[in-house]
Amino acid sequence: MKPWKILSCALIVGGIPVFFLVSFVDISHAHDSGTVVLNAETKHLVRDPLLASTFLGGSGSDGHYEVPMVLDDAGNVYVASRTNSTDFPVTPGVYDETHNGGYDVFVAKLSSDLSTLLACTFLGGGGEDGGWPGLALALDEDGHVFVAGITTSADFPTTAGAFDLDSNGGADLFVAKFDADLRNLLASTFLGGSGNDDYIQMTVDEEGNPYLTGATTSNDFPTTPGSYDETYNPGGARGYNVYVSRFDSDLEHLVASTFLSGSGDDVPEVILIDGQGNVFITGWAASTNFPTTENAYDRTYNGHYYDVFVSKFNNDLSTLSASTYIGGNSWEFGYGMTLDPDGNVYVTGHVASSNFPTTSDAFDETYNGTGGAGEGDDLFVSKFDNDLTTLLASTFLGGSNWENGQALKVDHRGYICVAGAASSPDIPISTCSYDATFNGGSRNQGDVIISIFDSNLELLTFSTYLGGSSNDNIGALVFDDNAHLYISGSTGSSDFPTTVGAYDESYNGGTFQWGGDVTLSIVSNGYWTDSDEDGALDACDNCPDIFNADQADADGDGNGDVCDMCPGSDDFSDVDGDNLPDGCDECTDTDGDGFGDPGYPANTCEEDKCPHLYSLAQEDADDDGRGDICDNCPDVANPDQHDGDDDGFGDACDSCTDTDGDGYGDPGYPANACQEDNCPNVYNPDQTEIDRGDVDCNGGIDVLDVLAVVNHILASAPLVGGPLDRADCNGDGGVNILDALGIINDILGLAECEPTVLRP
């Protein structure tokens, strides 16, 4: 990361610039909503780059590739995955506080700022639960939590009245429903046939009905009459058919269920529902005869391993409304999908085909990877119309190694955010980025990459790495109501960036191969918000609220000229509280009387003779520069205002400067009219005669008296009551015989105040 320096920021409040200071901040830990830091090399402002980031895990392996996440209406964060950590941090009172063996599913709820674990429960049986490939999480409009995945546990918990209470053999699917606090398992069912049922993904419609998709090898996988395809399609090396299924909200009835496949292995990765209730899925197909529809963009399999497919069903899964391939001469995998407000369909994944279809004026029309399939794959993003008849836009994104797009979301502007894994050190990174440097990891994992395109995939407005020195993986993306981006994933990096105050700032253990730790992060909306619409994102705009397309900054202080209230000055303090920084305030005036405090170079107003007392007249009878109302000798010039006995009267006019307060004046003060004190530093109102040798008036003659005399000779200090600062010859903080020896040595010219023995 780059170095950062102190900076001020101005907010415009009622048309008045209000300045505040921020301290030195390391960008990897800036999470406070008011923090503003400046890249000292590029002079780019960065506002709240990483708002919050936390680990979540135990001493075993947690997470792996499937880490779904959703936000509720209050902004609380739900995340689910699998764990074999018996010490995973579950919370009291939840549905299941005890690890059940092998891998269990966990479901966790955190506060919106990722500082607090509100609830966390296990879910599982005696076998393996939540394993790869496939785990899904969703909320209904009432805040109920649905989780779906894969289980080999015959004793996986189900509920009375659910659709299927018994394991069907092989790897089965499960769907479970919790209340919002994860205290009660409201419903739970198996779903599957006698083979293996995998790759489960899920979404929930407006009525709370869950839709599921995945791949199955079960020829007896349950389908429903009248669905699009009730018959298993044998073939392929693994025998995978796509299934799409719909339950009622209580998981009691399988309302609709269909196959969708050709004669090869076909696997879906995402399921979504658009505003009209249409059901979209995407994934990858090895079938040369995968079902496509008339007028679809591409009805022909393109060859070599897999093509991406995108398909659309009506709400009751009775009709395949649209279905298309997209691919090139090598392999393609579809992993992510999103819909924009107009119903356009975006898909992402990774591709090894140099002739993968791109569109004119797309951000990158040229394949970047080197090596064969699986070595140098590029990330792709493609945009279709809702009927899948037209490829509206399509682009590559990648470097010389391997990239994969795994999640897509539309931001508040309709721009497209894609996230995935990257192992290339040379992927396109935006000037305004959180982290411009690849942090490490293996060739087909590496760092998380987050990138944002305009809706036509022509402009890359933001792109950054996020990760540590080992492998980091993306799980899900969610924008909150403030357009901040929440990211879930898993990591094997103990140095994955976290923030102060997050729930868990320390890596807990495990290896990334089997999961590592789960991670949750929030990236500021400043990276994709341009409040003044001048083309510079707020995070890096030197005047984010005032249009300044040229970003001119003549004095190079990080504040653009159009909002820089102190060009050429770094003094942004405001001691008089008038909302004008001292560096450019023409009258820094603490007491508000119209006269300026001394010592402020920007002042052009007359200097205040009493800078902390309101005084319009500024009278100064003795003309010593101190106003009468604050002058301790208003009729006698004494610009130094010295007051030896601290009685409020300056020495120049004090008729009795009396340090010890016994009524007798200290010697050496010409203004004294009182009798001179024979022991000015010791209270002795009776002025009892003492031995003349007792210089310090302590009742005895000792080395201190000798030193006082010597000090008087060397420094012309008063003999009686004079300071003994020179007497501490060796500087040890005390006055003793060693100092006396040192002073004598000094007088004789033998040494400069060294307390050594006398030398001839």
Whole-Å distance, taken between Cα centres, linking segment 128-200 and segment 581-638: 78 Å
Prolate/oblate/rounded label for segment 376-480 (Cα gyration tensor, a/c 1.5): prolate
Where segment 145-292 is the region considered: accessible area per residue in Å², 1.4 Å probe: 31 Å²
Partners for LYS383 among aspartates and glutamates (Cα-Cα distance below 13 Å; same-chain residues under 8 apart left out): ASP340, ASP342, ASP454, GLU458
LYS109 accessible area, assembled protein chains, probe 1.4 Å, Å²: 20 Å²
Globularity index of segment 88-205, i.e. its alpha-carbon radius of gyration over 2.2 N^0.38 Å: 1.02
Dimensionless Rg ratio for segment 564-634, taking C-alpha atoms and the 2.2 N^0.38 Å reference: 1.20
Net charge, ASP197 excluded, C-beta distance under 12 Å - Lys, Arg +1, Asp, Glu -1: -4
Simple Cβ-charge dipole of segment 312-397, Lys/Arg +1 and Asp/Glu -1, about Cα centre, in debye nearest 20: 160 debye
Positive dipole terminus of segment 379-459, leading residue within LEU459, CYS417, THR431 (C-beta point charges): CYS417
Surface share of carbon and sulfur [accessible, 1.4 angstrom probe, percent] for segment 324-455: 42 percent
Portion, in percent, of the accessible area of segment 117-233 that falls on carbon or sulfur, probe 1.4 Å: 42 percent
Viscosity 1.002 mPa s, 20 °C: Kirkwood-radius Stokes-Einstein D of segment 523-611 over Cα pairs, µm²/s: 146 µm²/s
Segments 596-604, 181-189, 297-305 sorted - mean Cβ within 10 Å per residue, highest first: 181-189, 297-305, 596-604
Relative packing of peptides 670-677, 208-215, 132-139 - highest average C-beta neighbours within 10 Å first: 208-215, 132-139, 670-677
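The values are calculated or read from the model by the stated rules, or taken from the named source; none is laboratory data. Keep in mind it's a predicted model, so treat the numbers as computed, not measured. Backbone-built Cβ (ideal geometry, glycine too); neighbour counts: all protein chains shown. Remember, those area values only see protein heavy atoms, side chains included, never the ligands or the DNA or RNA. Shrake-Rupley method; radii C 1.70, N 1.55, O 1.52, S 1.80 Å.
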